[in-house]
């Protein structure tokens, strides 16, 4: 058995690599694949048994580029070598990946190569950016709401006192104006309370069956839109229960589905409006910078006109709404509730299809 053979690598040396989110490949001095972790098997769409002893460079559109990178890393010209290459896939478009090659401290000249799908890396960067923005937004909203709340109480109280002091002769005529002040103050108070609600409400933890949550939302939406709208269920029955706040999750899904139903108004009139609730299990997911082996992958899909392009990047911001009369708080609250469950929420939208995806960690 040669020193470069897969058997010369002790499994204990590589066990930790299976826990990584990035695809990792180990090649010997001849560029042959010695080891791939679970993420690399997914990316290369093949098993270690099938890949072992193959030339890694042969899998790429420009094999000489990868050979050059590996040679530079092996010669320790740089601490690591980075480049973007195209990974060929039979019958499909090439997959662009970011390559990081690092020489291992081994006498056999093995090189460790990390492959990162460029789209996936952009997605993770976007999730981290959205998470940071969300935290800033929540802090701003909380402080702003408190600043508004105190003067509102004074305005309402002053209007009530003024009404009590009105002379009887003008009471009916002027009371209309004081009532406008009081009612508008109450309306703003309700808005402020909705802004503060996610931060005040205790997190009630219990066993949650996501399909019970979806069935509850389905019944509520169909009660409001009984004609012209179909809500199709595409459930994975193997999903386990998890610990969470059932009412918060109902509200989060309801807010998204309710927005979808309103966006489908034209199709509801035509009778071909559809919302799809889809559940799946996702494996090896990074959510809010934490790696989980299993996650709930929930999609809420509608066949509406899509989210207007001018607000597509800001839909989770408070007070941003795509319809007349909307408060702009529904998706903000949905995002807050999902994040309180250590999950993430994202959206893809184009005319004819809007897909809200909720990812939550599973036990």
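No lab work stands behind these numbers, since they all come straight from the coordinates. Keep in mind the model is a prediction, meaning the values are calculated, not measured. So basically every Cβ, Gly included, is an ideal-geometry build from the backbone, and we count neighbours across all protein chains shown.
Tabulated data
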| item | result |
| --- | --- |
| Label-zone membership for the stretch 204-220, site residue 237, 7 angstrom Cα→C-beta point, backbone N under 16 Å | 210-212 |
| Nitroxide proxy distance, nm - points 7 Å out along Cα→Cβ at residue 54 and residue 98 | 2.5 |
| Contour minus Cα-Cα distance for residue 219 and residue 18 (0.36 nm per residue) | 68.1 nm |
| Segment residue 272-residue 227, length gained on full extension (0.36 nm per residue, minus Cα span) | 15.2 nm |
| Residue 186-residue 258 FRET efficiency (beta carbon distance; Förster radius 25 Å; 0.05 resolution) | 0.60 |
| Label-point separation, residue 346 to residue 310 (7 Å along Cα→Cβ), nm | 2.7 |
| Value of Rg to Rh for the stretch 206-361 (Rh from inverse mean 1/r over Cα pairs, i.e. Kirkwood) | 0.95 |
